[in-house]
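Enquirer: Here it is, the structure, as structure tokens.
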Amino acid sequence: MKQLSNVAQMTDLSPNGNKLNYLLSGGRVYASAKSWIRALQVPVAMQVWFETGLARTAMLKKDSVGGELEMTYMDIPVYRWPAVGELLRAFDREWYQHQYKRRPKDEQKDIENFHGHYEKLINWGYDLQERALSSVLNSENQRNTPVTQETLLEAIKQAVAPRLRAHDDKLLEHDLVIAEIKEALPTMRDLDEFITVKQAITEKGFDSTIMPLYPKSKDNLSSLVGKKLKSNEVELGPKVTARLDGQQVTTEMNTYRRRDIYEALELFITNSRNEQEVNQKS
């Protein structure tokens, strides 16, 4: 790692009210992993992830962000804010995928509180970097030193690029949420898509192993719907490999359009309910 030079030692307060001791060099903000952890109030359960993640992110993102994201100062690794921001965004994406529900309850609560401050923390970090760049430009003006094109372009890149990346991440997040909503809501599913009978039954919230015509027939719901589709000679789709109910072996299964399976499924469910009502009355 390269040594950090021309350093000014600075402090700032994070939105959590914690002090960040950081280094200012060339208009860039650097701090050790432990300093970032204290300022951001990273939960104890995530501190190892954060510290190792910083080093990994600094290595992977240095080309896309521009310049070294990890330096050393007095033999201690220090990290630029863009590395911290990238890691926080990765945490935000993970949160929306599973909310860390596999963690113990007390850890879940701490992580949830941490995520509750995410937006404030990410905005504070970018503002801190922008203020640092502004101070460099102001100091050069005060020394009557012309602001070079290189310095100005660097200031614009540092101020604008992270915001654009954050915006892109939000758009991606929205796309993921929309995809999840479409998957969850039957009315938004493509009725012409080819799927298996078992998938359609699951989407409708039924059990494919029930026998709706028992004792007249011992065929389960999945088998009955499949036979009905074949007798109706509905359009077949490409075969898929899937596992049979209650078995470890896999086999090729037919696919049909979702609308055709739904119609056949509704027929058997309705008939089953009508028979149940008749039996109850008799």
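Enquirer: Considering only the range 136-153, I want to know if a residue exists there that is open to solvent by 70 Å² or more (accessible area, probe 1.4 Å) and modelled with pLDDT of 90 or more.
Expert: No, the range 136-153 contains no residue that is open to solvent by 70 Å² or more (accessible area, probe 1.4 Å) and modelled with pLDDT of 90 or more.
Enquirer: Another question, if that's okay. Pick from the range 247-264 the residues that are part of a strand (DSSP E or B) and touching a helix residue (DSSP H, G or I) at 6+ places or on another chain (Cβ under 9 Å): which of them is modelled with the lowest pLDDT?
Expert: Only one residue tops the list, namely 253.
Enquirer: With assigned to a helix (DSSP H, G or I), modelled with pLDDT of 85 or more and not polar (S, T, N, Q) as the only criterion, which of 229, 267 stands out?
Expert: So the residue among 229, 267 that is assigned to a helix (DSSP H, G or I), modelled with pLDDT of 85 or more and not polar (S, T, N, Q) is 229.
Enquirer: The conditions are (1) aliphatic (A, V, I, L, M); (2) farther than 30 Å from residue 138 by Cβ; (3) more than 24 Å from the chain's Cα centre (by Cα), and residue 74 fails exactly one of them. Which is it?
Expert: (2)
Enquirer: Would you confirm whether or not the range 28-36 contains a residue that is open to solvent by 70 Å² or more (accessible area, probe 1.4 Å), within 18 Å of residue 12 (Cα to Cα) and either touching a strand residue (DSSP E or B) at 6+ places or on another chain (Cβ under 9 Å) or outside any loop (DSSP other than H, G, I, E, B) (or both)?
Expert: Yes; the residues of the range 28-36 include at least one that is open to solvent by 70 Å² or more (accessible area, probe 1.4 Å), within 18 Å of residue 12 (Cα to Cα) and either touching a strand residue (DSSP E or B) at 6+ places or on another chain (Cβ under 9 Å) or outside any loop (DSSP other than H, G, I, E, B) (or both).
Enquirer: Going by the structure shown, is residue 82 in contact (Cβ under 8 Å) with a residue 40 or more places away in the chain and open to solvent by less than 10 Å² (accessible area, probe 1.4 Å)?
Expert: yes
Enquirer: For the range 39-58, which residues satisfy the criterion of being assigned to a helix (DSSP H, G or I) and β-branched (Val, Ile, Thr)?
Expert: Hits for the range 39-58 are 44, 48, 52, 57.
Enquirer: Here's something else I'd like to know. In the range 179-226, what residues are outside any helix (DSSP H, G or I), open to solvent by 40 Å² or more (accessible area, probe 1.4 Å), aliphatic (A, V, I, L, M) and at pLDDT below 85?
Expert: Within the range 179-226, 185, 210, 211 qualify.
Enquirer: List the pairs whose first member sits in the range 1-28 and is at pLDDT 90 or above, whose second member is of a type in the set (Asp, Glu), and whose Cβ atoms are under 6 Å apart, counting only residues at least 6 apart or on separate chains?
Expert: 20/12
So that you can scan it fast, the table gives a plain yes or no per residue for (1) buried (at least 21 other Cβ atoms within 10 Å of the Cβ); (2) touching a strand residue (DSSP E or B) at 6+ places or on another chain (Cβ under 6 Å):
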{"residue": "41", "(1), (2)": "no, no"}
{"residue": "45", "(1), (2)": "no, no"}
{"residue": "62", "(1), (2)": "no, no"}
{"residue": "78", "(1), (2)": "yes, yes"}
{"residue": "86", "(1), (2)": "yes, no"}
{"residue": "103", "(1), (2)": "no, no"}
{"residue": "108", "(1), (2)": "no, no"}
{"residue": "127", "(1), (2)": "no, no"}
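Enquirer: If you scan the range 118-135, which residues turn out to be free of Cβ contacts under 8 Å to residues at least 40 places away in the same chain, touching a helix residue (DSSP H, G or I) at 6+ places or on another chain (Cβ under 7 Å) and farther than 12 Å from residue 40 by Cα?
Expert: 130
Enquirer: Let me ask something else about it. Of all the residues that make up the range 88-101, how many are assigned to a helix (DSSP H, G or I), surrounded by 18 or more Cβ atoms within 10 Å (Cβ to Cβ) and among the aromatic types (Phe, Trp, Tyr)?
Expert: Within the range 88-101, residues that are assigned to a helix (DSSP H, G or I), surrounded by 18 or more Cβ atoms within 10 Å (Cβ to Cβ) and among the aromatic types (Phe, Trp, Tyr) number 1.
Enquirer: Determine whether residue 175 is more than 30 Å from residue 86 (Cα to Cα), charged (D, E, K, R) and modelled with pLDDT of 60 or more.
Expert: So residue 175 does not fit the description; no.
The values are calculated or read from the model by the stated rules, or taken from the named source; none is laboratory data. All values reported here derive from a predicted model rather than from experimental measurement. Heads up, the Cβs are rebuilt from the backbone with ideal geometry, glycines too, and the neighbour counts pull from every protein chain shown. We work out accessible area using only protein heavy atoms, side chains counted, and drop any ligands, DNA or RNA first. Shrake-Rupley method; radii C 1.70, N 1.55, O 1.52, S 1.80 Å.
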